[in-house]
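What follows is a short report on a single structure.
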Amino acid sequence: MAFEGRTVLAVVPARGGSKSIPRKNLALVGGISLVGRAGGLAASLPWIDRAIISTDDLEIAAEATRHGLEAPFQRPEELAGDTATSTDMWRHAWLAAEEHYGRQFD
């Protein structure tokens with residue numbers, strides 16, 4: 001499905017090394033992890049063509065896939081630290097997804 005003729009990629013960023021709230025992406029809120037909530041939301045939007053997780057953490061990736069997100073790659077270490085920018089993470093996720101799926105996203 002496309003949104004107004006465009007292919008939509010949803011990227012959920014969830015690095016494993018959060019300093020403020022350790023392992024927050026796996027924390028349960030109302031019985032569902034934060035990553036699980038993001039996966040459920042993405043699955044409810046019919047105009048999203050692919051919903052992926054961008055993470056450096058295999059446990060977060062496994063939790064994400066249990067909730068409908070795809071984990072086609074692991075985020076590189078240099079994009080998972082405190083000094084990595086969101087822009088660099090998004091660019092990596094977009095280009096890696098296009099390479100993995102063999103298609104372009106708008």
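The values are calculated or read from the model by the stated rules, or taken from the named source; none is laboratory data. The structure displayed is predicted, hence computed values, not measured ones. Methodologically, a virtual Cβ is constructed for each residue, glycine included, from the backbone with ideal geometry; neighbour enumeration extends over all protein chains shown. Ligands, DNA and RNA are excluded from the accessible area calculation, which covers all protein heavy atoms including side chains. Shrake-Rupley method; radii C 1.70, N 1.55, O 1.52, S 1.80 Å.
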| task | Between VAL8 and LEU41, with labels modelled 7 Å along Cα→Cβ, what's the label distance in nm to one decimal, could you check? | result | 1.3
| request: Give a quick list of trypsin sites (Lys or Arg not before Pro) in region 37-106 that DSSP marks as loop, anything other than H, G, I, E or B, with at most 13 other Cβ atoms within 10 Å. | output: ARG103
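First check a/c for region 6-94, with a ≥ b ≥ c the square roots of the eigenvalues of its C-alpha gyration tensor; if it is under 1.5, answer rounded, and if not, answer prolate when a/b is larger than b/c or oblate otherwise.
Cα axes put region 6-94 in the oblate bin.
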| Each residue of region 81-95 in turn: what ³J(HN,Hα) in whole Hz from Karplus with 6.51, -1.76, 1.60 and θ = phi - 60°, glycine and Pro shown as x? | x, 5, 8, 5, 8, 4, 4, 5, 4, 4, 4, 4, 4, 4, 5
| field | Average accessible surface area per residue within region 1-101, 1.4 Å rolling probe, Å² | value | 59
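How much length, in nm to one decimal, is gained on full extension between GLU98 and ARG66, taken as 0.36 nm per residue of separation minus their Cα-Cα distance?
9.3 nm
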| note | Between GLY16 and residues 5 or more places away or on another chain, the pairs with built amide H atoms under 5 Å apart involve ASP56, ASP57
| said: Suppose only helical runs count, i.e. DSSP H with n ≥ 4. What mean residue ellipticity at 222 nm does that imply for the chain under -39500 (n - 2.57) per run, divided by all residues and rounded to the nearest 500 deg cm²/dmol? | reply: -10000 deg cm²/dmol
| field | Net charge, GLU78 excluded, C-beta distance under 14 Å - Lys, Arg +1, Asp, Glu -1 | value | -1
